[in-house]
Amino acid sequence: GDVTSRVVEELKRFRDWKQNLIQEIDLSRVGNDASSPSSSSSSSSSLLSQEYAARLPGWLPGRARRFVNNTTSFARKIYDFSLIPSTPEDEKEKIVGVHQGGEVEVSKVMRVNQLDAQTLDDDLHQLLWVGLERIARHGGQGLLLQWRAEAKALLKFTIFWNTIWAQKSTPGMELQNLILIGLGKRRPRFVPGAPRLRLLTYRQRVLYGVLTIFAPWLLTRSKDYMSDRQWIGFQRGSIRRVIYELVNALELAWDAASIVHILVFLAGGTYRNLVERLLRIRVGYVNPR
């Protein structure tokens with residue numbers, strides 16, 4: 001009974017403290033200069049965890065305190081990790097864009113529209129692949145099966161080259177009035193009065209192609225190569241067995257991270273998938289009106 005009452009008391013104290021802290025953070029945001037929205041937003045979640053870790057009850061062991069501190073710090077680093085470094089100006093672009101000399105919010109794109117665009121693009125790729133298979137039935141079906149991974153990669157590259165590489169919307173995004181926002185120079189207004197959003201940089205486009213086309217192809221070919229040569233049958237500790245297990249572990253970790261990322265996105269995230277998070281590529285409306 002004593003332990004239960006202490007837990008209930010601690011939960012109540014945490015809820016009261018959290019509500020007060022959120023109000024303090026909101027008040028500080030209102031008082032801050034509008035030119036630094038990223039600093040307050042990026043520090044609010046870390047401030048929340050650090051402050052609560054510092055106010056943990058005295059009866060909690062020191063080892064548990066250190067575990068809470070290390071876990072929250074590590075989670076924050078993973079959440080903010082990116083292959084593309086950002087600047088304060090880039091962080092500001094997550095919130096505002098230039099619209100006829102003023103500012104307009106571009107980050108509040110409906111998540112359902114983003115998911116619909118991604119689903120439409122996947123359906124288009126599948127439709128083209130089915131058509132290619134039907135053509136191959138009249139001749140060269142064995143060749144298509146032999147070079148299946150290369151054919152799929154070539155199909156993805158064709159779509160990528162004519163859309164994302166050319167700084168255009170994919171077919172699914174175009175139907176949803178969306179376009180990718182990068183960290184490059186501002187794009188011209190395709191629609192009068194629309195915000196001048198930022199283009200994808202050369203580095204972002206190259207890495208996007210590598211992570212969405214080359215990496216899946218390399219993974220497929222590597223697994224086929226190891227399966228054909230029965231690397232799983234080698235003795236534990238051998239180089240080939242270690243490589244085989246490492247590849248499978250990396251694939252499993254990526255799939256698990258993708259599932260968690262989808263949940264984060266549905267709960268209010270900004271990036272649709274892990275690739276766009278790593279490259280700091282967001283989705284915005286072509287014409288917000």
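The values are calculated or read from the model by the stated rules, or taken from the named source; none is laboratory data. All figures in this text were calculated on a predicted structure; none of them were measured in a lab. For neighbour counting, all protein chains shown are included, and Cβ atoms are generated from backbone atoms with ideal geometry for every residue, glycine included. Protein only, heavy atoms only, side chains kept; ligands, DNA and RNA dropped before computing areas. Shrake-Rupley method; radii C 1.70, N 1.55, O 1.52, S 1.80 Å.
Table: residues versus (1) open to solvent by less than 80 Å² (accessible area, probe 1.4 Å); (2) not aliphatic (A, V, I, L, M).
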| position | (1), (2) |
| --- | --- |
| D228 | no, yes |
| W231 | yes, yes |
| L246 | no, no |
| A249 | yes, no |
| L252 | no, no |
| V260 | no, no |
| F265 | yes, yes |
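Could you tell me which numbered condition F214 fails, if it satisfies all but one of (1) surrounded by 13 or more Cβ atoms within 10 Å (Cβ to Cβ); (2) more than 22 Å from the chain's Cα centre (by Cα)?
Of (1) surrounded by 13 or more Cβ atoms within 10 Å (Cβ to Cβ); (2) more than 22 Å from the chain's Cα centre (by Cα), only one is false for F214: (2).
Which of the helices (runs of 4 or more DSSP H) found entirely inside segment 168-271 contain at least 2 residues meeting this: basic (K, R)?
Working: elements: 171-175, 202-209, 215-228, 239-266.
Because the criterion is at least 2 residues that are basic (K, R), the helices (runs of 4 or more DSSP H) in segment 168-271 that meet it are 202-209, 215-228, 239-266.
Step by step: first the residues of segment 108-127, then only those that are among the charged types (D, E, K, R) and surrounded by 12 or more Cβ atoms within 10 Å (Cβ to Cβ), then the one that is nearest to I159 (Cα to Cα). Which residue is that? Show your work before the answer.
Narrowing segment 108-127 to residues among the charged types (D, E, K, R): 108, 111, 116, 121-123.
Pick out the ones that are also surrounded by 12 or more Cβ atoms within 10 Å (Cβ to Cβ) and you get 111, 116, 121, 123.
Working: R111: 23, D116: 18, D121: 10, D123: 13 Å.
Here the answer is D121.
Taking the condition of being touching a residue at least 60 places away in the same chain (Cβ under 8 Å) and small (G, A, S), how many residues in segment 154-182 meet it?
Number satisfying all stated conditions: 2.
Within segment 128-166, restricting attention to residues that are part of a loop (DSSP other than H, G, I, E, B), out of contact with any helix residue (DSSP H, G or I) (no Cβ under 6 Å at 6 or more places or on another chain) and not small (G, A, S), which residue is surrounded by the most Cβ atoms within 10 Å (Cβ to Cβ)?
Applying the filter and picking the extreme gives I164.
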